[in-house]
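Worksheet for the structure shown next.
The values are calculated or read from the model by the stated rules, or taken from the named source; none is laboratory data. Here the structure is a predicted model, which is why all the values come from computation and not from measurement. Cβ coordinates were reconstructed from backbone atoms using ideal geometry, including for glycine residues, and neighbour counts include every protein chain displayed.
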Amino acid sequence: MIKTFLFDLDGTLIQTPELILKTFKITFDKYFPEIKLSTDEESNLLGHTLFETFGNYTTDQNLIDEMVSFYRMTSESFIEKGLTSYEGALEILKHLKHKKKNIGVVTSKMIEVATHHLDLVGLLPYVDHLIGYESTKLHKPHPDPILKALEIFNAKNKETIYVGDHENDIKAAKAANIQSCAVTYSMRTKQMLFENPDFVIDELKNLKDLI
């Protein structure tokens, strides 16, 4: 029986991938106009921290910091205009809460930003704990963020599942020795399936079948 449900945020609970990629394009056009990313390279930007992503293109820490700040400012301007959650997100969190399950969000976003985004779409009241960028030194696909969640919830590995939309989510779950679940509305479905997740769902409401 699964007692603790952990969720990725972007691309899993909230519909930000298109906004994220749009922001990345604007940022790269400003700082690295000579770099042209392939479709696969663009979608892979979704699964990493901002510092890691920009660090792949420059070793200048001041420039990385500037790019991160510009990205965040640009992203927030888009998000404030109309962020939405995925279909079934509110329904499943309410259902899990009714069933007295633990609900956590494990994301690479800063906690303050992630909290604000969850609040914007009405999901925040149903999240017991949020593990963000500052919570651990290492990030997905490293297991530390999920291990931190297990510690906070005092949860057993075999009774915990992590739901995500990127192969790094599946890798992190497996490294933490918990169950993993991939959502097929992801831009990285093929890459996730290659990691052999324990479960694959088309809609978040399908998680009811795992209770």
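Note on region 7-43: among residues that are out of contact with any helix residue (DSSP H, G or I) (no Cβ under 8 Å at 6 or more places or on another chain) and surrounded by 18 or more Cβ atoms within 10 Å (Cβ to Cβ), the one that is farthest from Gln179 (Cα to Cα) is Phe28. Quick one: is Glu159 farther than 16 Å from Leu6 by Cβ and of a type outside the set (A, V, I, L, M, F, W, C)? In short, no.
Going through region 36-60 one residue at a time, which ones are under 17 Å from Lys137 (Cα atoms) and in a helix (DSSP H, G or I)?
Restricting attention to region 36-60, the residues satisfying the condition of being under 17 Å from Lys137 (Cα atoms) are 47-53, 55.
Those that are under 17 Å from Lys137 (Cα atoms) and in a helix (DSSP H, G or I): Gly47, Leu50, Phe51, Glu52, Thr53, Gly55.
Evaluating Lys36 against the criteria (1) out of contact with any strand residue (DSSP E or B) (no Cβ under 7 Å at 6 or more places or on another chain); (2) at pLDDT 90 or above; (3) of a type in the set (Lys, Arg) leaves one unmet condition, (2).
Considering region 51-73, the residues that are surrounded by 17 or more Cβ atoms within 10 Å (Cβ to Cβ) and touching a Ser or Thr at 6+ places or on another chain (Cβ under 7 Å) include one that is nearest to Ile26 (Cα to Cα), namely Tyr71. Take Leu193 and tell me if it is out of contact with any strand residue (DSSP E or B) (no Cβ under 6 Å at 6 or more places or on another chain), in contact (Cβ under 8 Å) with a residue 60 or more places away in the chain and either surrounded by fewer than 17 Cβ atoms within 10 Å (Cβ to Cβ) or part of a helix (DSSP H, G or I) (or both). When the stated conditions are applied, Leu193 does not pass them. Can you name the number of the only condition in (1) small (Gly, Ala, Ser); (2) surrounded by 16 or more Cβ atoms within 10 Å (Cβ to Cβ); (3) in a loop (DSSP other than H, G, I, E, B) that Gly82 fails? Only one criterion in (1) small (Gly, Ala, Ser); (2) surrounded by 16 or more Cβ atoms within 10 Å (Cβ to Cβ); (3) in a loop (DSSP other than H, G, I, E, B) is unmet by Gly82, namely (2).
Report whether or not Leu93 is of a type in the set (A, V, I, L, M, F, W, C), in the same structural domain as Phe153 (by TED's automatic domain parsing) and crowded, with 20+ Cβ neighbours inside 10 Å.
Working: of a type in the set (A, V, I, L, M, F, W, C): yes; in the same structural domain as Phe153 (by TED's automatic domain parsing): yes; crowded, with 20+ Cβ neighbours inside 10 Å: yes.
Yes, satisfied.
This table checks each residue for (1) out of contact with any helix residue (DSSP H, G or I) (no Cβ under 6 Å at 6 or more places or on another chain); (2) aromatic (Phe, Trp, Tyr); (3) within 21 Å of Leu45 (Cβ to Cβ).
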{"site": "Gly164", "(1), (2), (3)": "yes, no, yes"}
{"site": "Ile170", "(1), (2), (3)": "no, no, yes"}
{"site": "Ala175", "(1), (2), (3)": "yes, no, no"}
{"site": "Cys181", "(1), (2), (3)": "yes, no, no"}
{"site": "Thr184", "(1), (2), (3)": "yes, no, yes"}
{"site": "Met187", "(1), (2), (3)": "no, no, yes"}
{"site": "Glu195", "(1), (2), (3)": "no, no, yes"}
{"site": "Asp202", "(1), (2), (3)": "yes, no, no"}
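The condition (being closer than 26 Å to Ser75 by Cα and not basic (Lys, Arg)) is satisfied by just one residue among Leu210, Leu204, Leu150: Leu204. Residues considered: Thr59, Thr107. Of these, the only one that is farther than 12 Å from Leu9 by Cα and either touching a Gly at 6+ places or on another chain (Cβ under 9 Å) or of a type in the set (Val, Ile, Thr) (or both) is Thr59. Output the residue which, of all residues in region 18-33 that are within 17 Å of Thr84 (Cβ to Cβ) and of a type outside the set (A, V, I, L, M), is modelled with the lowest pLDDT. Step by step, filter region 18-33, then rank; the result is Glu18.
What's the total number of residues in region 162-211 that are of a type in the set (Phe, Trp, Tyr) and within 13 Å of the chain's Cα centre (by Cα)? Total meeting the criteria: 1. Here the condition is being modelled with pLDDT of 95 or more, surrounded by 20 or more Cβ atoms within 10 Å (Cβ to Cβ) and more than 22 Å from Leu50 (Cβ to Cβ); of Leu118, Leu204, it holds for Leu204 alone.
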